[in-house]
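Q: What follows is a single structure, and I will ask about it in a moment.
None of the figures in this text is laboratory data; all of them are computed from the coordinates on show. None of the values given here were measured: they were computed from a predicted structure. A quick note on method: Cβ atoms are made from the backbone with ideal geometry, for glycine too, and the neighbour counts reach across all protein chains shown.
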Amino acid sequence: MSSSNYFFGRTKEEQIGTSPQYFYGLRRNDDGELFLSRVNQLSRTDSLQVNNDGDVANNYENFEIGTDFYENRDVYHNIVFSNLIYEQYRWDDRSMYYYVNASGDLTARINTKYSYPTGIST
């Protein structure tokens, strides 16, 4: 499939500037389960909350579009910013879909969605 040089409206660069289009946030709950959030900046329905409600002294205030963050745990694995929802996050221009394959490995597909099989329980 080829893309056209002709289109209506603004380009992606005009809409979001030079920052990457996709946000990927990684968090885990108290049971140790991992959750990955994916937000498309160009989507009219995607939204993002960076900090949980609470004392603003525990907020992460350096959130900046396009800047990756991997440091919400200290050397003793304690949370640094207790209101920050995502322990790690990154930005990317690529549309990536993460899933767990049949061997239990975390796998990424680029620009190809993954649909989990139905009717399978674990």
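Q: So which residues in segment 72-107 are in contact (Cβ under 8 Å) with a residue 60 or more places away in the chain and not aromatic (Phe, Trp, Tyr)?
A: Selection gives Ile85, Glu87, Gln88, Arg90, Asp92, Asp93, Arg94, Ser95, Met96.
Q: I'd like the full set of residues that are surrounded by 13 or more Cβ atoms within 10 Å (Cβ to Cβ) and touching a residue at least 24 places away in the same chain (Cβ under 8 Å), limited to segment 43-64.
A: The answer is Leu48, Val50, Asn51, Asn58, Asn59, Tyr60.
Q: Provide a single number: the residues in segment 106-116 that are over 14 Å from the mean Cα position of the chain (by Cα) and surrounded by 12 or more Cβ atoms within 10 Å (Cβ to Cβ).
A: Counting residues in segment 106-116 that are over 14 Å from the mean Cα position of the chain (by Cα) and surrounded by 12 or more Cβ atoms within 10 Å (Cβ to Cβ) gives 3.
Q: For residues in segment 60-105 being farther than 15 Å from Arg27 by Cβ and in a strand (DSSP E or B), which is nearest to the chain's Cα centre (by Cα)?
A: That would be Trp91.
Q: Then there is this: Out of curiosity, is Tyr76 exposed (fewer than 10 other Cβ atoms within 10 Å of the Cβ) and not acidic (Asp, Glu)?
A: Against the criterion (exposed (fewer than 10 other Cβ atoms within 10 Å of the Cβ) and not acidic (Asp, Glu)), Tyr76 qualifies.
Q: So Val39 fits all but one of (1) within 11 Å of the chain's Cα centre (by Cα); (2) exposed (fewer than 13 other Cβ atoms within 10 Å of the Cβ); what number is the exception?
A: (2)
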